[in-house]
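**Student:** This is the structure I have questions about; it appears just below.
The values are calculated or read from the model by the stated rules, or taken from the named source; none is laboratory data. Predicted model, so just to flag it, every value in this text is computed and none were measured. Cβ placement follows ideal geometry from the backbone for every residue including glycine, while neighbour counts extend to all protein chains displayed. Protein only, heavy atoms only, side chains kept; ligands, DNA and RNA dropped before computing areas. Shrake-Rupley method; radii C 1.70, N 1.55, O 1.52, S 1.80 Å.
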Amino acid sequence: MTRRRRSPIALVLVLLSVAAGCDAGPEDEVTRITVMVSGDPEEIDAYRAVVTAFERSQNVVDAQLLPFADRDDLIVRLSTSIAGGQPPDLFLMNYRYYAQFAARDALEPVDSYLRMSDAFSAEDFFETSMTPFRWQGEQMCLPQNVSSLVVYYNADRFVQAGLPLPAEGWTWDDMVRSARALTIDDDGDATPDVYGLGVDPEIIRLAPFIWSNGGALVDDQAAPTRFAFDAPALSAMQRFLDLRSVDRVTPSDEEAEAEDAESRFLNGRLGMLMESRRVVPAFRTISSFQWDVAPLPILSEQVSVLHADAYCITAGSDAKEASWRFIEFALGPEGQRITAEAGRTVPSLRSIADSDAFLEPASPPLHSEVFLDQIPRLLAVPVVSTWAEIEDVANGIIEEAYYGGGRALEVAVELTIQTENLFARAER
Amino acid sequence: MDQHERRGLWLMAAPFVLGVTVLVVMPAVGSFAMAVYEWDLVRPPRFVGLDNLRELLDDPVFRISLRNSLLYAAVAVPLRLLCALGLALLLYGHSRLHAAGRVAVLVPTVIPDVVYALVWLWILNPIYGPLNLVLGAAGLPTPSWLSQPGPARWAVVLMGVFQLGEAFLIVVAVRRLVPEELQEIAAMSGAGRWGRLVRVTLPIMAPALLLVAMRDTIVSLQSTFLPALIVTAGGPPPYATTYLPLFAYRNGFEYLRYGYASATTVVMLVLTASILWLLYRAFGRWSRRAWERA
């Protein structure tokens, strides 16, 4: 019997692996960590830049970025990998969704790391962004941003229409008036080609207007047991619902399905858009018109809703120290400068938020300070373990009413009934 | 069949039996076990007995999902079966044109499901999608496929109808087994094309058609998952195209309620078995008699 000859390719591979093995000394000291994030391609690019800079800054921790298109995909992968005993070391998540993992003891509290850190202390961060990530007295995650809902506007369209630009103190009626003037049917087919406003009919978009009108969202913000819409809340909700069915300043259901509001704004066919800081990297690709940001319009008082994401270390990570090292970099001055300059974040670190990296970058928006001015007026939705479910149910009801001409009272009743058992099942 | 042949058959079947045991039977048994626990796969499971099933019965979203799944099966299975049969009778021949037709029918089935769903997301776009552009050009109504409950449900059925390749192949194979002599005898007895189809071809194919119908019922209760997840997102809101697989997926993987999701899959298993039993009871004897008569 003759032996088969090894192929030359196999031999080369063996030699390469031996050579790699000879150089394995320092490799052994490298700790590998995995970091899960979600977002648009432009957002992911910003996170990738942070990871690249982190790897350049040291040679003992090797960070691998695991990007996902949206938070649902991230949650699915996160929960199954935790269940499979191989969780990622770190993940980035909004304060509205991390509680389901905190309630299940799947997170490593970061208080002790924070106390020992030379990179920063708790006081270096905006308190507004820290508080929602405290779970039963412990700081579970550390925020990377302190974003909020604002109004993006196409400045060229405002100028062409002879409208005053949105600014601090403008009211809901000002917004509706501008939106009406900016809703234009170019070709006379009775369907507007440009809409004045784009807003997703979701609870996170509706909430700030309920608060702005002096209303309440839930019965007890710290320990909510149900939605509790009072008269001011119902009034604000009705005005929100009227944007489509009465004012007709936002795209119809069919038009929204055909093209989302972000894309409409990018293409210059939307006068205003209510969004968080998230969209800035994509909007910086706009070259055909000038755009900027303004605070939300007022119903009774100036309020907005917090949008904050944080890095959380999983309890099952076997590289917690290395993970913390990554957090120190990503949320330290250098990491926050990178994401701020990319446009993605309103930095949670005060020193970077007040720096040129955020306030005076070479690219728009011109008035980034709007985000900082909002910080003292930001409110957060309740942090409970079932909030992801509550939002899914609530958004379905609100969307149906928004496009179907629903009445606020009916929506409030429906929301309260449909989410009752979800609040009852919630851990706080 | 001697012992040697039997052993050979078992050896050939072994990989499939092993695969079915590991990938289907064991997870199914696991689902039954998990259905009586509250388990998020992070904390230790907590025994809750039949509480998950009781909660399902009270859950309005589950009831809507169940109704949607049953409606889908009631519409999609006969439609897919009729289309598979019609196309097989048209394309079972041996010419190049027939072969090209068979390939065209098979293509939607071999495209990866996610790609297939994304293609439909574009096709069904209410304003820019080719389907509504064609309907509009022909002066026909252009439904809002993704924002109205009725059209959205039909859209999911439509996506399913084009993925009938496996059923189509079985029916083609069975059609080719129908002896041409029988057709000739029937023709000599004065039977026209329709008569030969009804009195000879279909009765001989009846047992295989029953098998295809049963298989399609099983598939139809599961195949709504990706279209509902990617194309319609379970809506239009609140739950127009939320079917049982999507309901189970969301509860398990998004809300970490694996026990509750498992209880849903148990209901799906029982439901599927019940429908199959009913189908067999209703049409099993008929298909045997049709075969014997032919």
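**Student:** What pairs can you find where one residue is in the range A:252-273 and within 12 Å of chain B (Cβ to nearest Cβ), the other is open to solvent by 30 Å² or more (accessible area, probe 1.4 Å), and their Cβ atoms are less than 6 Å apart, with a gap of 6+ or different chains?
**Tutor:** Close Cβ pairs satisfying both conditions: A:Asp253/A:Tyr403; A:Ala258/B:Ile127; A:Ala258/B:Tyr128.
**Student:** Please go through the range A:230-251 and give me each residue that is of a type outside the set (A, V, I, L, M), farther than 30 Å from B:Pro126 by Cβ and either free of Cβ contacts under 8 Å to residues at least 40 places away in the same chain or open to solvent by less than 30 Å² (accessible area, probe 1.4 Å) (or both), ordered by number.
**Tutor:** Looking only at the range A:230-251, we keep the residues that are of a type outside the set (A, V, I, L, M), and these are A:230, A:232, A:235, A:238-240, A:242, A:244-245, A:247-248, A:250-251.
Then drop every residue that is not farther than 30 Å from B:Pro126 by Cβ, which leaves A:230, A:232, A:235.
Of everything in the range A:230-251, just one residue is of a type outside the set (A, V, I, L, M), farther than 30 Å from B:Pro126 by Cβ and either free of Cβ contacts under 8 Å to residues at least 40 places away in the same chain or open to solvent by less than 30 Å² (accessible area, probe 1.4 Å) (or both), namely A:Asp230.
**Student:** While we're here: If you scan the range A:373-392, which residues turn out to be open to solvent by less than 30 Å² (accessible area, probe 1.4 Å) and not in a loop (DSSP other than H, G, I, E, B)?
**Tutor:** Narrowing the range A:373-392 to residues open to solvent by less than 30 Å² (accessible area, probe 1.4 Å): A:374-375, A:378, A:380-382, A:384-391.
Within the range A:373-392, A:Gln374, A:Ile375, A:Leu378, A:Trp387, A:Ala388, A:Glu389, A:Ile390, A:Glu391 qualify.
**Student:** Just give me the residues in the range A:66-93 being among the hydrophobic types (A, V, I, L, M, F, W, C) and either open to solvent by less than 30 Å² (accessible area, probe 1.4 Å) or within 14 Å of chain B (Cβ to nearest Cβ) (or both), in sequence order.
**Tutor:** Of the residues in the range A:66-93, the ones among the hydrophobic types (A, V, I, L, M, F, W, C) are A:66, A:68-69, A:74-76, A:78, A:82-83, A:90-93.
A:Phe68, A:Ala69, A:Leu74, A:Ile75, A:Val76, A:Leu78, A:Ile82, A:Ala83, A:Leu90, A:Phe91, A:Leu92, A:Met93 - these are the residues of the range A:66-93 that are among the hydrophobic types (A, V, I, L, M, F, W, C) and either open to solvent by less than 30 Å² (accessible area, probe 1.4 Å) or within 14 Å of chain B (Cβ to nearest Cβ) (or both).
**Student:** Anything in the range B:115-133 that is part of a helix (DSSP H, G or I) and over 25 Å from the mean Cα position of the chain (by Cα)? List them, or say none. Break it down stepwise before answering.
**Tutor:** First, pick out the residues of the range B:115-133 that are part of a helix (DSSP H, G or I): B:115-123, B:130-133.
Within the range B:115-133, B:Pro130, B:Asn132, B:Leu133 qualify.
**Student:** Tally the residues that are of a type outside the set (A, V, I, L, M) and touching a Leu at 6+ places or on another chain (Cβ under 9 Å), restricting the search to the range A:187-222. Lay out the reasoning, then the answer.
**Tutor:** To start, the set of residues in the range A:187-222 that are of a type outside the set (A, V, I, L, M) comprises A:187-189, A:191-193, A:195-196, A:198, A:200-202, A:205, A:208-209, A:211-215, A:219-221.
Filter again for touching a Leu at 6+ places or on another chain (Cβ under 9 Å), leaving A:195-196, A:198, A:201, A:205, A:208-209, A:211-215, A:221.
Adding up the residues that qualify gives 13.
Per-residue answers, yes or no, for (1) of a type in the set (A, V, I, L, M, F, W, C); (2) surrounded by fewer than 24 Cβ atoms within 10 Å (Cβ to Cβ); (3) in the same structural domain as A:Glu108 (by TED's automatic domain parsing):
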residue: A:Arg325; (1), (2), (3): no, yes, yes
residue: A:Glu334; (1), (2), (3): no, yes, yes
residue: A:Arg337; (1), (2), (3): no, yes, yes
residue: A:Val346; (1), (2), (3): yes, no, yes
residue: A:Arg350; (1), (2), (3): no, yes, yes
residue: A:Ala353; (1), (2), (3): yes, no, yes
residue: A:Leu359; (1), (2), (3): yes, yes, yes
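**Student:** Going by the structure shown, is A:Ile327 of a type in the set (A, V, I, L, M), touching a residue at least 24 places away in the same chain (Cβ under 8 Å) and not in a strand (DSSP E or B)?
**Tutor:** Considered against the rule, which asks whether it is of a type in the set (A, V, I, L, M), touching a residue at least 24 places away in the same chain (Cβ under 8 Å) and not in a strand (DSSP E or B), A:Ile327 comes out as yes.
**Student:** Any idea which of B:Leu279, B:Leu210, B:Leu244 is open to solvent by less than 30 Å² (accessible area, probe 1.4 Å), farther than 30 Å from B:Trp39 by Cβ and away from chain A (no Cβ under 14 Å)?
**Tutor:** B:Leu210
**Student:** Next question. For the range B:217-240, give me each residue that is away from chain A (no Cβ under 14 Å) and either assigned to a loop (DSSP other than H, G, I, E, B) or open to solvent by 50 Å² or more (accessible area, probe 1.4 Å) (or both).
**Tutor:** Within the range B:217-240, B:Ile218, B:Leu221, B:Gln222, B:Ser223, B:Thr224 qualify.
**Student:** Consider the range B:134-157. How many of its residues are more than 24 Å from the chain's Cα centre (by Cα), aliphatic (A, V, I, L, M) and within 12 Å of another protein chain (Cβ to nearest Cβ)?
**Tutor:** In the first step, residues of the range B:134-157 are kept if they are more than 24 Å from the chain's Cα centre (by Cα); the result is B:134-144, B:147.
Now drop any that are not aliphatic (A, V, I, L, M), which leaves B:134-135, B:137-138, B:140.
Among the residues that remain, those that are also within 12 Å of another protein chain (Cβ to nearest Cβ) are: none.
Counting residues in the range B:134-157 that are more than 24 Å from the chain's Cα centre (by Cα), aliphatic (A, V, I, L, M) and within 12 Å of another protein chain (Cβ to nearest Cβ) gives 0.
**Student:** Follow-up question, since we're still on this one. All but one of (1) within 13 Å of chain A (Cβ to nearest Cβ); (2) in a helix (DSSP H, G or I); (3) at pLDDT below 90 hold for B:Ala290; state the number of the condition that does not hold.
**Tutor:** (1)
**Student:** Filter the range A:94-124 down to residues that are of a type outside the set (D, E, K, R), farther than 24 Å from A:Ile44 by Cα and more than 14 Å from every other protein chain (Cβ to nearest Cβ), then give me how many there are.
**Tutor:** Total meeting the criteria: 11.
**Student:** While we're on this one: What are the pairs with Cβ atoms under 8 angstrom where one residue, in the range B:185-202, is closer than 18 Å to B:Val174 by Cα and the other, located anywhere, is open to solvent by 40 Å² or more (accessible area, probe 1.4 Å)? Sequence gap at least six, or different chains.
**Tutor:** B:Arg196/B:Ala187; B:Leu197/B:Leu89; B:Arg199/B:Ala294; B:Val200/B:Leu182; B:Val200/B:Ala294; B:Thr201/B:Leu89
**Student:** Restricting the search to the range B:151-206, which residues are in a helix (DSSP H, G or I) and of a type in the set (Ser, Thr, Tyr)? Write out each step before concluding.
**Tutor:** Residues of the range B:151-206 in a helix (DSSP H, G or I): B:151-161, B:165-177, B:180-188, B:193-206.
Selection gives B:Thr201 alone.
**Student:** Can you confirm whether A:Ser235 is within 14 Å of chain B (Cβ to nearest Cβ) and among the hydroxyl-bearing types (Ser, Thr, Tyr)? Break it down stepwise before answering.
**Tutor:** On the way: within 14 Å of chain B (Cβ to nearest Cβ): no; among the hydroxyl-bearing types (Ser, Thr, Tyr): yes.
When the stated conditions are applied, A:Ser235 does not pass them.
**Student:** So A:Ala282 fits all but one of (1) away from chain B (no Cβ under 14 Å); (2) at pLDDT 95 or above; (3) not in a loop (DSSP other than H, G, I, E, B); what number is the exception?
**Tutor:** So A:Ala282 meets the others, but not (2).
**Student:** Is at least one residue of the range B:184-192 in contact with a Phe, Trp or Tyr (Cβ under 6 Å, 6 or more places away or on another chain), away from chain A (no Cβ under 14 Å) and not charged (D, E, K, R)?
**Tutor:** Initially, the range B:184-192 is screened for residues in contact with a Phe, Trp or Tyr (Cβ under 6 Å, 6 or more places away or on another chain), giving none.
No, that holds for no residue.
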